Amino acid sequence: MNVVRDIHRSLQMDSKSSYMDLLFADLDKKFEAIFDAIDLPNIDLAASIEAVKKIDPRVDPKLVQVIVQKKLDAIFADAECAACGRRLRKKHTLQRKAVTSIGTMTFACPYYFCPACNSYHSPYEETLRLSQGPYQKDFQKIAARLAVNDTFEEAANILNELYQVNISPDTVHSLTHAFAEGVELTEVIPSAEEVLKIVERISAGQHRRPVFVFAADGAMLPIRSAEKGAPNIWKEAKGVRGYLLDKDHVVHLLSWHQIASKQDFIDYLWEIRRQNIIPRDKVRLCFIGDGAGWIWEAVQEVFPECRQVLDYYHCSHHLYDFAQIHFANDPDRISEWVEQTKVRLFHNNVQHVISGLKRMRCRTEEARQRRDRLVEYLSTHKSRVDYGRLRRGGYPLGSGAIESANKFICHIRLKRSGVWWRVDRANNILKLRCARYNRQFDKLAAQQEPSPRGGRVRHGVKLRRIK
Ligand SMILES: [Zn+2]
């Protein structure tokens, strides 16, 4: 009790103002730092906000608004036309609302007119690099990040709850697509350095090089038809996933999924190859896929030297399908034959399997057709079904890793009841989801943010430096 009383007494004795002094000294320092961070006109509003957030993530937007406004007013106090050097006349002033990741601000942005050049200038907006609408780049990034994971409605709900901005799902929709527009494959895959680091980590202490797997597969997505009144359709998103096998562990590196043609898919693989992200001397490269023709055509063209694997389960399925028809009268033989055949494949006896199939006497026309199809299938993939050796080499036999990528990247977000997508919109969401799973979303956002412009005059208005 005595201690408490002592504290009370000392508090009363100490004047309030000394506490205030302490507080203000602290605030002064912070204000100073924030004032300097808003380095107009060398950086724009987005960059200023990023800098301010590093000092105080919960900075009062009013404070930033006041500093920005005062600085701009000082910079353009005696605005001159960059072309003719004449004093510019203020025509009118627009109140520009800027919704940002620290809150909403409003700037008074005057427009100028040069009578000699007969030209209008909006130096405030150009200096700040304001977006067209109220929503600024940093806010757009947050909107896109939310909409990539959930519906536009839910993203709008979260934004409204956090920022009290009253944004509609439609606006979140357009912000997200604007953010994804122009994003390319090369921006959403990791760099060669990132990949090398992972390869070296999982290679440590291993006697053989790790397996670098590419897996490809398609996923059907609900697409709104381009013509009015035409029925909706399902289109295939072609996906490729690159990962490393750390023993049986999948170490994800990259995913890229797009609704695209076979040729587009080939071009994507070329793009991945050109990026040189695979340390060829440190890994064993392999490609796994099901029987889809577009996959193997692309692999033969772009990665002809890599080990190729026909998905084991896909292959078993084909064997089973045939056996069911062929041994329809003798159901016990079905699984017996399938198991025997799988053992032969494991022992690299695909040629025997094919010869055996050809010798088989088929009772029905259907069985004969199925047999011929299976022969063709196995002949096409002869070099991809040496499962015994593949397993000993530590290669994957199943394409479960791409199937789960399809589920996470394509299905979860794009297959919702009643939702039909435009192809370009679906592809935009896919790009952003790939960026997210490839851990490249922030890099993507950083590339979109305008860089400091290094004091070049691009305003049509001469800048007066302020200190
Ligand atoms: Zn002029």
**Item:** Single residue of region 49-85 satisfying the filter (in contact (Cβ under 8 Å) with a residue 60 or more places away in the chain and away from the ligand (no atom under 16 Å from the Cβ)) that is farthest from ASP138 (Cα to Cα)
**Value:** ALA77
**Request:** Could you check, for region 230-238, whether at least one of its residues is outside any strand (DSSP E or B), in contact (Cβ under 8 Å) with a residue 12 or more places away in the chain and out of contact with any Phe, Trp or Tyr (no Cβ under 8 Å at 6 or more places or on another chain)?
**Result:** no
**Prompt:** Going through region 44-54 one residue at a time, which ones are closer than 16 Å to LEU130 by Cα and in a helix (DSSP H, G or I)?
**Reply:** LEU45, ALA46, ALA47, SER48, ILE49, GLU50
**Prompt:** Taking region 17-43, which residues are within 15 Å of GLN65 (Cβ to Cβ) and outside any helix (DSSP H, G or I)?
**Reply:** ILE38, LEU40
**Pick from region 86-104, criterion closer than 27 Å to PHE139 by Cβ and among the charged types (D, E, K, R), ranking: surrounded by the fewest Cβ atoms within 10 Å (Cβ to Cβ)** = LYS97
**Asked** Looking at this structure, is ALA116 at pLDDT 95 or above, in the same structural domain as GLY85 (by TED's automatic domain parsing) and of a type outside the set (Lys, Arg)?
**Response** no
**Among residues of region 149-175, those that are modelled with pLDDT under 95 and among the β-branched types (Val, Ile, Thr), counted** = 2
**Prompt:** Looking at ARG241, ARG208, which is the one that is surrounded by 23 or more Cβ atoms within 10 Å (Cβ to Cβ) and closer than 25 Å to ILE402 by Cβ?
**Reply:** ARG241
**Prompt:** Can you tell me which residues in region 331-350 are of a type in the set (Lys, Arg) and at pLDDT below 90?
**Reply:** none
**Message:** So in region 192-225, with the set limited to residues that are touching a helix residue (DSSP H, G or I) at 6+ places or on another chain (Cβ under 6 Å) and of a type outside the set (A, V, I, L, M), which one is farthest from ILE412 (Cα to Cα)?
**Reply:** PRO210
**Prompt:** Which ones in region 150-163 are among the polar types (S, T, N, Q) and under 14 Å from HIS177 (Cα atoms)?
**Reply:** THR151
**Prompt:** Where in region 327-442 are the helices (runs of 4 or more DSSP H), entirely inside, with at least 1 residues that are in contact with a Ser or Thr (Cβ under 7 Å, 6 or more places away or on another chain)?
**Reply:** 331-346, 350-359, 400-405, 423-437
**Prompt:** Which one is nearest to GLN369 (Cα to Cα), of the residues in region 296-329 that are charged (D, E, K, R) and surrounded by 18 or more Cβ atoms within 10 Å (Cβ to Cβ)?
**Reply:** ASP311
**Asked** Is at least one residue of region 187-209 outside any helix (DSSP H, G or I), acidic (Asp, Glu) and either closer than 18 Å to CYS434 by Cβ or free of Cβ contacts under 8 Å to residues at least 12 places away in the same chain (or both)?
**Response** no
**Request:** Working only within region 39-64, note down all residues that are among the charged types (D, E, K, R) and surrounded by fewer than 22 Cβ atoms within 10 Å (Cβ to Cβ).
**Result:** ASP39, GLU50, LYS53, LYS54, ASP56, ARG58, ASP60, LYS62
**Asked** Taking region 224-279, which residues are touching a strand residue (DSSP E or B) at 6+ places or on another chain (Cβ under 9 Å) and of a type in the set (Phe, Trp, Tyr)?
**Response** TRP234, TYR243, TRP256, PHE265, TYR268
**Message:** within 21 Å of the chain's Cα centre (by Cα) and among the hydroxyl-bearing types (Ser, Thr, Tyr): which single residue out of THR104, THR151, THR100, THR127 fits that description?
**Reply:** THR151
**Prompt:** Give me the pairs: first residue in region 389-401 and crowded, with 16+ Cβ neighbours inside 10 Å, second residue in a loop (DSSP other than H, G, I, E, B) and of a type in the set (A, V, I, L, M), beta-carbon distance under 7 Å, and six or more apart or on different chains, which are they?
**Reply:** LEU390/LEU397
**Prompt:** Taking region 356-388 on its own, how many of its residues are surrounded by 12 or more Cβ atoms within 10 Å (Cβ to Cβ) and in contact with a strand residue (DSSP E or B) (Cβ under 8 Å, 6 or more places away or on another chain)?
**Reply:** 3
**Request:** Test ASN166 against the criterion of being loosely packed, with under 15 Cβ neighbours inside 10 Å, free of Cβ contacts under 8 Å to residues at least 12 places away in the same chain, within 16 Å of the ligand (Cβ to nearest atom) and farther than 30 Å from ILE278 by Cβ, and give yes or no.
**Result:** no
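The values are calculated or read from the model by the stated rules, or taken from the named source; none is laboratory data. Since this is a predicted model, take the numbers as computed values, not measurements. Note: ideal-geometry Cβ built from the backbone for every residue, glycine included; neighbour counts use all protein chains shown.
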